[in-house]
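Take a look at the structure below.
The values are calculated or read from the model by the stated rules, or taken from the named source; none is laboratory data. Bear in mind the structure is a predicted one, so any value in this text is a computation, not a measurement. Cβ placement follows ideal geometry from the backbone for every residue including glycine, while neighbour counts extend to all protein chains displayed. The protein model used for the area step is the full one, side chains on, heavy atoms only, and it has no ligands, DNA or RNA in it. Shrake-Rupley method; radii C 1.70, N 1.55, O 1.52, S 1.80 Å.
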Amino acid sequence: MDVKHGESVAILGPSGSGKSTLLGLLAALDSPSEGEISLDGVSLVGLDEEQKAALRKQKISFIFQSFMLVDTLTALENVMLPAELAGIKDARAKAEQMLNRVGLAHRLGHLPKQLSGGEQQRVAIARAFIAEPKVLFADEPTGNLDKHNADRVADMLFTMNRESATTLVLVTHDLQLAKRCQRQLEMADGQLFELAPQEQEVS
């Protein structure tokens with residue numbers, strides 16, 4: 001697969017087909033047993049864990065299906081964390097701004113267990129965008145949400161994607177979400193196939 005700067009790409013396919021594994025490989029969270037993966041001109045193959053962590057810190061954000069918020073940190077602290085790790089100045093002010101953008105200005109001091117699923121996902125989105133990544137990977141970003149919250153989260157993803165010119169690669173079972181991406185790929189039998197426009201409409 002080849003993804004261009006600023007594109008939005010959806011990866012579809014049945015459960016167990018390897019979509020999440022592919023996303024983990026592309027985001028340098030896992031290492032391939034063979035083949036080549038290049039991110040923004042840098043080969044991921046052969047990088048040690050420290051080098052991969054540095055690359056992720058500089059260029060990548062990841063939205064996990066299970067949110068992966070730090071339970072002991074407030075919403076504000078969860079969003080501040082990657083900014084502080086990246087050495088971004090005014091991390092607190094930027095985190096407050098991001099949480100305000102996702103409609104959570106009134107929940108800054110709440111722990112994840114005090115937030116609904118939709119609110120936790122919005123915290124995860126604010127956290128993903130605070131460092132202005134070149135590439136955002138999202139694994140079933142609306143999978144745990146009701147329709148209202150799923151629509152709201154999708155709107156935020158694509159608005160922020162456009163405003164920040166961030167490349168968006170997401171795995172989803174949600175066909176409506178996939179159709180909002182510029183391209184749709186389907187994984188089947190270990191292979192990726194690009195869906196033609198007519199197939200995208202029929203899916």
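For residue 187, which of the numbered conditions (1) farther than 26 Å from residue 13 by Cα; (2) open to solvent by less than 50 Å² (accessible area, probe 1.4 Å); (3) modelled with pLDDT under 95 fails to hold?
Status for residue 187: all satisfied but (1).
Which residues, counting only those in region 19-36, are surrounded by fewer than 18 Cβ atoms within 10 Å (Cβ to Cβ) and not in a helix (DSSP H, G or I)?
Across region 19-36, the qualifying residues are 29, 30, 31, 32, 33, 34, 35, 36.
What's the number of the condition residue 119 fails, among (1) of a type in the set (Asp, Glu); (2) under 22 Å from residue 138 (Cα atoms); (3) assigned to a loop (DSSP other than H, G, I, E, B)?
Checking residue 119 against (1) of a type in the set (Asp, Glu); (2) under 22 Å from residue 138 (Cα atoms); (3) assigned to a loop (DSSP other than H, G, I, E, B), the one that fails is (3).
Would you call residue 174 surrounded by fewer than 16 Cβ atoms within 10 Å (Cβ to Cβ), of a type in the set (Asp, Glu) and out of contact with any Phe, Trp or Tyr (no Cβ under 9 Å at 6 or more places or on another chain)?
No, not satisfied.
Let me confirm something: among 167, 172, which residue is among the hydroxyl-bearing types (Ser, Thr, Tyr), modelled with pLDDT of 85 or more, under 25 Å from residue 89 (Cα atoms) and touching an Asp or Glu at 6+ places or on another chain (Cβ under 7 Å)?
Checking each option against the conditions leaves just 167.
Of all residues in region 37-78 being of a type in the set (Asp, Glu) and modelled with pLDDT of 95 or more, which is nearest to residue 105 (Cα to Cα)? Break it down into steps so the answer makes sense when it comes.
Of the residues in region 37-78, the ones of a type in the set (Asp, Glu) are 40, 48-50, 71, 77.
From what's left, modelled with pLDDT of 95 or more: 71, 77.
Details: 71: 19, 77: 13 Å.
Here the residue is 77.
Using the structure shown, decide if residue 196 is in contact with a Gly (Cβ under 7 Å, 6 or more places away or on another chain), open to solvent by 10 Å² or more (accessible area, probe 1.4 Å) and farther than 28 Å from residue 100 by Cα.
no
So, of the residues in region 54-75 that are in a helix (DSSP H, G or I) and touching a residue at least 24 places away in the same chain (Cβ under 8 Å), which turns out to be surrounded by the fewest Cβ atoms within 10 Å (Cβ to Cβ)?
Ranking the candidates gives 58 first.
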